[in-house]
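Heads up, the thing below is written out as C-alpha cells.
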Amino acid sequence: MKRLWLVVASVLILIAIGAYFLLRPAPPTAPPVAIVSPAPIAPPPAATAPEPAILHPVPVPPGMTDVPPAAQSGDFVAKKITELLGKKAVLTHLQMDDFVRRIVATVDNLPRSLAPPRRWPINPTPGRFSVDAGDGGKVISANNAARYAPFVALVESVDAARAVALYQQLYPLFQIAYENLGYPRKHFNDRLVAVIDHLLATPEPAGALKVEVPVIQGPLKTTRPWLLYQFSDPALEGLSSGQKILLRTGLDNEKRLKAKLAEYRKLLASGNTRR
C-alpha cells in the first residue's frame, strides 16, 4: 500500500511539474532587431562651372537709347550704320540684311581656314583678282591693290571712337548673335579683340607674292580660275583666311588696315571711347 502511495505521489508531482512548465506564461520575447540599412551617401552636388570671366567688358555708353529686340532690330541697325558711314558708302560696300549676324559670323571665321564670302557683311570687291608673270611663276599684280583702295579709304575715314560707341550701343545684339552661333557662355567682344590680335600678327613679306592655280583632277575645268589662286609659299598658304585676305590686298593696304585695327583694338579692349 505504501508503495502504491509513493507511486501515486510521484505521478502527481510529475504532473504538477509538467503543468507548471506547460501552463505558465511564456517569457516575453525580445523584439526583433530592426536591420537598418545605412543611409545612402548623397553624391556631392555637381559643381556649377563658373561663369567665364569677361576679359574685355563692354560698357553702355551714357545717353544711348534702348536697342530693340533682335528680331525687330534690322531697320534700327541700318539707320545707325548709315548715320555713321553715309548712305552712299553703305549701298556701295555693305550687305545690310542680317548685318549683325554677318558681322559676328565673319569675325568668328577670320582666324579659321575658311570664311565663306556669302556670310560677309561687305560686298565683293569689284573687278577681278589679277596676276603678273614673275620669275619662276606668277605673282600678285601690283595693280590688284587698287581694287581694294576704295574700301581701305572708307575704313580709314571712319571715326574710330564713334564707331566703337555705336558698337557698344548695339552690343546686346552682337552678344545674342554670338550666343546663337553656338557660344552660349562666351563673350563676343573678347572674341573680337582676339581676332584683331590675330590679324595684327599677319606677316608683311617684302616683294611680290607668288601664287599658283592648284591642279584640278577630272574633266571639268573652272571658268573662273582667278578664284582658285593660292600662295605658292606653304607658310603663307597655311595662314588663316583673314590673314590671307590682308596679304592679297597688297602690302601698303595691309599696313593701313592693320593701323586702323590697332586703333579699334585699343578702344575695344579698354572700353573707353574718349580720345
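The values are calculated or read from the model by the stated rules, or taken from the named source; none is laboratory data. Keep in mind it's a predicted model, so treat the numbers as computed, not measured. Cβ sites come from the backbone with ideal geometry, for glycine too, and all protein chains shown count toward neighbours. Only protein heavy atoms, including side chains, enter the accessible area calculation; ligands, DNA and RNA are left aside. Shrake-Rupley method; radii C 1.70, N 1.55, O 1.52, S 1.80 Å.
Quick look at the values:
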{"quantity": "Simple spin-label estimate for Ile122 and Thr92 in nanometres, 7 Å along Cα-Cβ", "calculated": "1.3"}
{"quantity": "Virtual spin-label span in nm between Ala269 and Lys186, 7 Å along Cα→Cβ", "calculated": "1.9"}
{"quantity": "Gyration tensor verdict on segment 99-173 (Cα atoms; rounded if a/c is under 1.5, prolate if a/b is larger than b/c, oblate otherwise)", "calculated": "prolate"}
{"quantity": "Gain in span if fully extended, Ser113 to Glu237, counting 0.36 nm per residue against the direct Cα distance", "calculated": "43.7 nm"}
{"quantity": "Cut-off under 5 Å, modelled amide H: who pairs with Ile122 long-range", "calculated": "Gln95"}
{"quantity": "Additional length obtainable on full extension of the chain from Phe76 to Glu204, 0.36 nm per residue less Cα span", "calculated": "42.2 nm"}
{"quantity": "Using θ = phi - 60° and Karplus 6.51 cos²θ - 1.76 cosθ + 1.60, couplings along segment 151-163 (whole Hz; Gly, Pro as x)", "calculated": "5, 4, 5, 5, 4, 5, 6, 6, 5, 4, 5, 5, 5"}
{"quantity": "Length added when fully stretched, Ala149-Asp252, from 0.36 nm per residue minus Cα-Cα", "calculated": "36.1 nm"}
{"quantity": "Fraction of accessible area attributable to carbon and sulfur, segment 116-259 (%, probe 1.4 Å)", "calculated": "58"}
{"quantity": "Listed residue pairs exceeding 28 Å between alpha carbons, taken from Lys138/Lys260; Lys80/Lys186; Lys244/Lys266; Lys88/Lys186; Lys79/Lys260", "calculated": "Lys138/Lys260; Lys88/Lys186"}
{"quantity": "Segment 133-209 - accessible surface per residue (Å², probe 1.4 Å)", "calculated": "46"}
{"quantity": "Amide H contacts of Ser232 (H built 1.01 Å from N, under 5 Å, at least 5 apart or other chain)", "calculated": "Lys210, Val211, Glu212"}
